[in-house]
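Read through the structure below, which is laid out as structure tokens, and then see the notes.
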Amino acid sequence: MGKIFVDACFGKETPYTPVWMMRQAGRYLPEYMAVRAEAGNFLNLCHDPKKAAEVTLQPLDIVGVDAAILFSDILVIPDEMGMDLSFVKGEGPKFSDPIKTEADIDRLIGGEEAANKLTYVYETIKLLREELDKRGDNKALIGFTGAPWTLATYMIEGQGTKTYNICKKMMYSNPELLHSILRKVTDVVKLYMENQIESGVDVVQIFDSWAAAIELEKYDEFSWSYMVEIAEYLKEKYPHIPIIMFPKGVAPFIASGRVYGNFDVFGIDWGTSIKMAKEIIGEKYVLQGNMEPCRLYSKEATTEAVENIQNVMGTKRHIFNLGHGILPDVPVENAIHFVNECHRVSGKK
């Protein structure tokens, strides 16, 4: 029997619509917090294959999702390219040495050298592959990366930002410099994803968390075209591996009819109408999403949303998910309820 999640990514008939959640291995699970406490901090957890594999599997066993997503962080890429990453409590990730000039780009490690430094990620995947094969329950393993634009925002700003003014100043006043950064990151990401596939993931997702920071007229040039290039590179070598694109907050881009590329699934964020997305790109791409994550605070609101999404999407060419990540204070029983409801409305007995 094939993996239901992989079949769904390719638009094949499945017994029910599969479901998983972004950030499903995370702070809402007491079991995750216990392992993280053992690790000492978040980065240590990312760097420890056994512990990272353990927390990757927790949502399968506790919540009942249909796919595991590798536990890691998008910023391990710039970290291994030679930037100085730290996670500051209450403030999130920070780079002490943001990219400002061409010389800063030149000092970054690129290509295979950077991709080959991410051995702890590949080791985690190999452990997961071994365990999932042993279980024989056909649950899929999702690998992932941040999109070059999202990675570049952290590398240029030095931390998370609400205005993106340093990045956007570069975009409009020195676009060549921004493209140099995006090119160097893209070349590492291609090899990173290839190594994840070779290590054993079944599916890959490219997150463009900060897609909404770019105006519609510039989105393809500074983000989407690089994501499509990565997908094309992977599809040429691994046509059997589904690729999910998840750019957050790009309703105008979808509505404009400019979505293109050789990939399989398009993730819809909660602020975008899944009905609109289905009408415009639903024949070409399987859609994933898009329940508002805060509905998980109420079982009634969850059921209502799942039924509404099901009414729009039916039982084919869809994967249930949240329209962004699960929040840390969601009760575990509510996450289980969401998964059960997705299975119920889509035909799982």
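Can you tell me which residue within the stretch 83-122, out of those that are among the aromatic types (Phe, Trp, Tyr) and buried (at least 17 other Cβ atoms within 10 Å of the Cβ), is nearest to Ile69 (Cα to Cα)? Quick ask: steps written out before the conclusion?
Filtering the stretch 83-122 down to residues among the aromatic types (Phe, Trp, Tyr) leaves 87, 95, 120, 122.
So of that shortlist, the ones also buried (at least 17 other Cβ atoms within 10 Å of the Cβ) come out as 95, 122.
Working: Phe95: 25, Tyr122: 13 Å.
Ranking the candidates gives Tyr122 first.
In this structure, is Asp66 among the acidic types (Asp, Glu), modelled with pLDDT of 95 or more, closer than 22 Å to Gln288 by Cβ and surrounded by 24 or more Cβ atoms within 10 Å (Cβ to Cβ)? It would help to see each step written out before you state the result.
Working: among the acidic types (Asp, Glu): yes; modelled with pLDDT of 95 or more: yes; closer than 22 Å to Gln288 by Cβ: yes; surrounded by 24 or more Cβ atoms within 10 Å (Cβ to Cβ): yes.
Judged against the criteria, Asp66 is a match.
Quick check: is even one residue across the stretch 131-149 more than 23 Å from Met22 (Cα to Cα), of a type in the set (Asp, Glu), without any contact (Cβ under 8 Å) to a residue 60 or more places away in the chain and part of a helix (DSSP H, G or I)?
no
Let me confirm something: among Leu234, Leu178, which residue is at negative phi, in contact with a Cys (Cβ under 9 Å, 6 or more places away or on another chain), part of a helix (DSSP H, G or I) and among the aliphatic types (A, V, I, L, M)?
Unique residue meeting the criteria: Leu178.
Identify all residues within the stretch 19-31 that are closer than 24 Å to Val306 by Cβ and either crowded, with 21+ Cβ neighbours inside 10 Å or not charged (D, E, K, R) (or both); write none if there are none.
To start, the set of residues in the stretch 19-31 that are closer than 24 Å to Val306 by Cβ comprises 19-29.
Residues satisfying the conditions are Val19, Trp20, Met21, Met22, Gln24, Ala25, Gly26, Tyr28, Leu29.
Pull out all pairs, ordered by first then second residue, where Cβ-Cβ is under 6 Å, the residues are six or more apart or on different chains, the first lies in the stretch 94-107 and is touching a residue at least 12 places away in the same chain (Cβ under 8 Å), and the second is among the hydrophobic types (A, V, I, L, M, F, W, C) and surrounded by fewer than 17 Cβ atoms within 10 Å (Cβ to Cβ).
Within 6 Å, the pairs are Lys94/Val88.
Consider Glu333 carefully, then state whether it is of a type in the set (Asp, Glu), under 24 Å from Thr14 (Cβ atoms) and part of a helix (DSSP H, G or I).
Values: of a type in the set (Asp, Glu): yes; under 24 Å from Thr14 (Cβ atoms): no; part of a helix (DSSP H, G or I): yes.
Criteria not met by Glu333.
The values are calculated or read from the model by the stated rules, or taken from the named source; none is laboratory data. Since the model is a prediction, treat every value here as computed from it, not as a measurement. Here Cβ is always computed from backbone atoms with ideal geometry, including for glycine, and neighbour counts include all displayed protein chains.
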